[in-house]
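J.: Dropping the structure in here first, questions after.
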Amino acid sequence: MKLASLKGGRDGRLIVVSRDLTRAVAADGIAPTLQMALDTWERAAPRLEKIYRELNEATVGSFSFRASDCASPLPRAYQWADGSAYVTHVELVRKARGAVMPPSFWTDPLIYQGGSDSFIGPTDDILAGDEAFGIDFEGEVAVVTGDVQMGMTPAQAAHHIRLLMLVNDVSLRNLIPKELEKGFGFFQSKPATAFSPVAVTPDELGDHWRDGKVHLPLAVDLNGERFGAPNAGVDMTFSFPELIAHAAKTRELEAGSIVGSGTISNADRQSGSACIAERRMLETIEHGAPKTAFMRFGDRVRMEMKLPDGQSIFGAIDQKVARYEGPK
């Protein structure tokens, strides 16, 4: 099943989207918003699935689907917890700055709590006040959970994964060092995040969803040129059930919580990178200094994941960097 939220109001308007991402049907009679559908998932999901089947069989009235009409599937969420499940990426970051990675990073996941009060749509501009902030994209996969009780095991948590999405977790790299020096985590360096136009149930991925991981490449293009296509299932040290269980160790996660994988990264560098910072780190290790610049105003980033037959799963995140002109 594929779900999206049309722009309008703070929480959007829930629609069911066809498998080929061409048609859609409003879900008003079932749940006006995706959050409400998640809150009542046991009742809402079968009814939404029925519409989805009818939509794919062309036995129900529908309208044209356009990603540009969409907010992120959850325009805001109760929780946005982003992990760093690709430890080879973390190791590379630390190596580039001459720091040793603690062995515990291979056994204890890293997660930070991001801002979830407002996400930006999949084709909305990335607004930044200054190019000197070091504007970067980060291609990820995320899951949306149902209610997760505190202390659940990964095996238990796996049953509470409702949906999957793509993520562009925008980072302002040049603001990060001073924030981390304070020992209190990210804030100004992590502006609003964007998610794919469509969120999908795990069964839409078929055999490519296994072991709590998505075994498909994420294609990332910068200004129309392929930047990387790392496989999300390769070198993912911690699965989504493990990330969820880690997040729920001392708290409950409410329905609609989003848990991200962190930047997708493969040890085989031939697949390219899903963020500029990683490429710059590799350049620093090889040449002594980075060569690739961070994003500038007017630059465009596109992220998309397809099945082997070429069918887009989530639709594309396609965003341009624009100057923020200040409050109106």
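The values are calculated or read from the model by the stated rules, or taken from the named source; none is laboratory data. Not measured: the values here are computed from a predicted model. Quick reminder, even Gly has a Cβ in these numbers, built from the backbone with ideal geometry, and neighbours come from all protein chains shown. Please note that ligands, DNA and RNA were not included when accessible areas were found on the heavy atoms of the full protein model with its side chains. Shrake-Rupley method; radii C 1.70, N 1.55, O 1.52, S 1.80 Å.
J.: Kindly write out, for segment 277-284 in residue order, the coupling ³J(HN,Hα) from the Karplus curve 6.51 cos²θ - 1.76 cosθ + 1.60 (θ = phi - 60°), rounded to whole Hz, with x marking Gly and Pro.
T.: Running phi through 6.51 cos²θ - 1.76 cosθ + 1.60 with θ = phi - 60° gives 4, 5, 4, 5, 5, 5, 5, 5 Hz.
J.: When the Karplus curve 6.51 cos²θ - 1.76 cosθ + 1.60 is applied with θ = phi - 60°, which whole-Hz ³J(HN,Hα) does each residue of segment 298-310 get, with x for Gly and Pro?
T.: Per-residue couplings from phi come out as x, 5, 10, 10, 10, 10, 7, 10, 10, 6, x, 7, x Hz.
J.: Need one word for segment 141-283: rounded, prolate or oblate. Basis is the Cα gyration tensor (sqrt eigenvalues a ≥ b ≥ c); a/c below 1.5 gives rounded, then a/b vs b/c decides.
T.: oblate
J.: Starting from the amide H of F65, placed 1.01 Å from N in the peptide plane, find each other amide H under 5 Å away whose residue is 5 or more places distant or on another chain.
T.: Distant-sequence amide H within range of F65: R23, A24.
J.: Once the Cα atoms of helix 87-96 and of the chain are each reduced to a long axis, what angle between those two axes, in degrees from 0 to 90 to the nearest 10, is obtained?
T.: That works out to roughly 30 degrees.
J.: Quick one: with all protein chains in place, what share of the accessible area of the chain is carbon or sulfur, to the nearest percent (1.4 Å probe)?
T.: The computed percentage sits at 50.
J.: Just to check I understand the Karplus step: with θ = phi - 60° and J = 6.51 cos²θ - 1.76 cosθ + 1.60, what whole-Hz values come out for segment 225-235, glycine and proline as x?
T.: The phi angles translate into 10, 5, 9, x, 8, x, 7, 5, x, 8, 6 Hz.
J.: Non-local amide H neighbours of L127 (under 5 Å, H modeled in plane, Pro and chain starts lacking H): which ones?
T.: Sorted by chain and number, the residues that satisfy this are A322.
J.: Treating the beta-carbon of each Lys and Arg as +1 and of each Asp and Glu as -1, no other charges, what is the dipole magnitude of segment 6-160 about its Cα centre, to the nearest 20 debye?
T.: Using Cβ point charges on Lys, Arg, Asp and Glu, segment 6-160 gives about 340 debye.
J.: Another one. With a ≥ b ≥ c taken as the square roots of the eigenvalues of the C-alpha gyration tensor of segment 110-153, please select rounded if a/c is under 1.5 and otherwise prolate if a/b is larger than b/c or oblate if it is not?
T.: prolate
J.: Send over a whole-number figure in Å² for the accessible area per residue of the chain, probe 1.4 Å.
T.: Values: 14760 Å² over 328 residues.
Here the residues of the chain average 45 Å² of exposed surface.
J.: On to the next question. Considering amide H positions built from the backbone, and no H for Pro or chain starts, which residues 5 or more places from F227, or on another chain, come under 5 Å of its amide H?
T.: Here V220, D221, L222 satisfy the definition.
J.: If r is the Cβ-Cβ distance from S64 to F297 and R0 is 41 Å, what FRET efficiency results, to the nearest 0.05?
T.: That gives a FRET efficiency of 0.85.
J.: Also, I was wondering about something else. Give, rounded to the nearest 20 debye, the magnitude of the charge dipole that the chain has about its Cα centre when Lys and Arg contribute +1 at Cβ and Asp and Glu contribute -1 at Cβ.
T.: Details: 36 positive and 43 negative charges, 84 e Å.
Using Cβ point charges on Lys, Arg, Asp and Glu, the chain gives about 400 debye.
J.: Quick check on segment 69-187: take the gyration tensor over C-alpha atoms, sort the square-rooted eigenvalues as a ≥ b ≥ c, and tell me if it's rounded (a/c under 1.5), prolate or oblate.
T.: oblate
J.: Any chance you could list the semi-axes, whole Å, largest first, of the equivalent ellipsoid that the Cα gyration tensor gives for the chain, using √(5λ)? Please report the intermediate quantities before stating the final value.
T.: Details: eigenvalues 192, 100, 72 Å².
Square roots of five times the eigenvalues give 31, 22, 19 Å.
J.: To continue, here is another question. Just order 137-146, 120-129, 283-292 by mean Cβ neighbour count inside 10 Å, highest at the front, would you?
T.: Order by mean packing, descending: 137-146, 120-129, 283-292.
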